[in-house]
Amino acid sequence: MALITTSPNVSSALNREIVFAGDHVRLAGAIELPGTPAPRNGFPLLFILPHASSMDREDFHDYVQIALNTQAAIFRWDKRGTGHSGASAIGSTAQDAVNAYATALAQPGINRQQVMILAVGAATGVLGSNFEAFARLGRPAGVLLVANQLNAKDILALDAEIHILMSAQDWNPYMVYGNTAALAHRQVYPHGAGSTLISDSDRFLMVADARGRKRLHPDAQRVITAWMRR
């Protein structure tokens, strides 16, 4: 069972800190909701699957603003060994991710029919290899893939609408893991699949602002915002 504490947040009506069980490890995360009355069926939810090199959930701060600005809740969590989560050499990190998704879906005020998964970097592979485990809990309405690592064959595991965002600086070629992967998905599924190439960013679509802080590239922000508003 998740242990929940509530704390104020200037950009959201409610920021719930959540402690939950991973696979033989204690994990920590948070869900943030918009500061507006909830729709009758609850808020859409953006669920984050962090990349392998993520230090903690703060790496995804810009996505919080996008979610809240589009009237969606967002669930972020710290992988084992990062942030406020525990560390353990026992257990599966993929199962950790599935447990985090189950915890997110169990939160009050969420519309389980309007869940979007954002997978970044190596997490795109985790989602592709374990999509049915996620779908058994609640099939996502859409999937965003940043720094995608699923090729035209592997991406067919994702039975949902998708959009791929890749940097021109990614070590994986955009034509293979962006354009061609989206085309292969469209040929099999009717949900819709698109891809966007972001220039002048690192492979995780980040750029330095005037103060030298890493921020999500403005073009990436615009594409994700428009996709979520649809």
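A few remarks follow.
- In the chain, helices alone account for a calculated mean residue ellipticity at 222 nm of -7000 deg cm²/dmol, with every DSSP H run of four or more residues adding -39,500 (n - 2.57).
- Packing-based order for 49-58, 171-180, using average beta carbon neighbours within 10 Å, highest first: 49-58, 171-180
- Of all beta bridges that DSSP places with both ends in the chain, some 45 percent have antiparallel geometry.
- Of A87, A147, A97, the one that fluctuates the most in a GNM where the chain has Cα springs shorter than 10 Å: A87
- Each peptide among 37-45, 112-120, 125-133 gets the average number of other Cβ atoms lying within 10 Å of its residues, and from highest to lowest they stand as 112-120, 125-133, 37-45.
- Value of Rg to Rh for the chain (Rh from inverse mean 1/r over Cα pairs, i.e. Kirkwood): 0.94
- Counting every other Cβ atom within 10 Å of each residue's Cβ, D96, D219 order from fewest to most as D219, D96.
- Region 161-223 versus region 32-75: alpha-carbon centroid distance in Å: 19
Each value in this text was obtained by applying a stated rule to the coordinates, not by laboratory testing. These numbers come from a predicted model, not from an experiment. All Cβ positions, even for glycine, are placed from backbone atoms using ideal geometry, and neighbour counts span all protein chains on display.
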